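Report on the structure given below.
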Amino acid sequence: MDPDKYLLQTLAKRLMAQGYAIKLSPVKNELTVAGTLDIATTIIHSPDYHPSLLHLLVVTKNETYFPEGITENMIGTGSSLPDQVDMVVNNYLLTTFPAITDSFLDGHDPEIDFADSKNILWHPRPGSLTLQGKWTEEPAGEPILDLLKEKLQHTLPNKKLNWLKVHVNRFQDHEIIAECLLNNTPWPEGLEEVRCYARQWPHPGTFLGQKQFFLFRRCDQHDEKPL
């Protein structure tokens, strides 16, 4: 069983089950969704990885709005390749993929919309918040978006779609490891806010983590031509 082909075929089957038209590339580990999105997958191999761990690189592209690709690193764990693949595909389809596809749709949630410093209105499309560790209760609302919204108002580039990836872990020894990428580029101001946020989490001395992906769609009223 070729792990890369098995993973891509699993992803294709799951997307088709959701009603999407899928075209598999005959030469690359890549598929096209509804003639709009190209998704390329690569399993990263390393002798340092535990056999129960699968590290997946996923690049989602749209020729018009993000031709450089939205890059995600994801981890699947399990005692077998099918278990690892199932976990990592679930991760992508619950977090990154819905936010991307929603960004192509009209409509918005006024509860989380915001205007930036230039009075441009933005419609956030949050993926599911992924929790790691033993949280006694799930954080309410959109804590990461609320945390970063003020700084985003002065930072978002004036283009149709922008994306944000946040991943932060607080370890038992209180060390904090975090990543905050805006359009695939490290965002230092956002990173510092995320690190401060993690220091305030409950249950000191325990491992806790959060991960979330966002798309920000500029309101159509600011377009010469709607998306």
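Observations, loosely collected:
- Sequence of LYS211, LYS151 from largest to smallest accessible area, 1.4 Å probe: LYS151, LYS211
- Residues considered: LEU54, LEU161, LEU105. Largest GNM mean-square fluctuation over the chain, using C-alpha springs under 10 Å, is found at LEU105.
- Among ARG199, ARG217, ARG125, the largest mean-square fluctuation in a Gaussian network model of the chain (Cα springs under 10 Å) belongs to ARG199.
- At R0 = 35 Å, FRET efficiency that the Cβ-Cβ distance of LEU81 and ALA115 yields, to 0.05: 0.15
- Adding -39500 (n - 2.57) for every DSSP H run of four residues or longer, then dividing by how many residues the chain holds, sets the calculated 222 nm ellipticity at -8000 deg cm²/dmol.
- Rolling a 1.4 Å probe over the heavy atoms of the protein chains gives the chain an accessible area of 53 Å² per residue.
- With eigenvalues of the C-alpha gyration tensor scaled by 5 and rooted, region 3-104, Å: 23, 14, 13
- Solvent-accessible surface (1.4 Å probe) assigned to TYR20 amounts to roughly 70 Å².
- Kirkwood-Stokes translational diffusion coefficient of region 88-182, alpha-carbon pairs, 20 °C, 1.002 mPa s, µm²/s: 142 µm²/s
- Mean sequence separation of contacting Cα pairs (under 8 Å, at least six apart), scaled by the length of the chain, corresponds to a relative contact order of 16 percent.
- Summarising the label geometry, the points placed 7 Å from Cα in the beta-carbon direction at ASP106 and ASN90 lie 3.7 nm from one another.
- By the combined test of axial Cα extent (at least 18 Å) and Kyte-Doolittle hydropathy (mean at least -0.5), the qualifying DSSP H helices of the chain come to 3-17, 81-94.
- Protein-only accessible surface order, largest first, of VAL88, VAL59 at 1.4 Å: VAL59, VAL88
- Solvent-accessible ranking of LYS134, LYS118, LYS61, largest area first, probe 1.4 Å: LYS134, LYS118, LYS61
- Carbon plus sulfur fraction of accessible area for region 15-124, probe 1.4 Å, in percent: 54 percent
- Global size of the chain as Cα Rg and Dmax, reported in angstrom: 18.2, 53
- MET87 accessible area, 1.4 Å probe, all protein chains in place, Å² to nearest 10: 90 Å²
- The figure for CYS196 is an accessible area of roughly 50 square angstrom, using a 1.4 Å probe on the protein chains alone.
The values are calculated or read from the model by the stated rules, or taken from the named source; none is laboratory data. Note that the structure is a prediction, hence the values are computed from the model and not measured. Cβ: placed from backbone, ideal geometry, glycine included. Neighbour counts: every protein chain shown. Note: areas computed on protein heavy atoms with side chains; ligands, DNA, RNA excluded. Shrake-Rupley method; radii C 1.70, N 1.55, O 1.52, S 1.80 Å.
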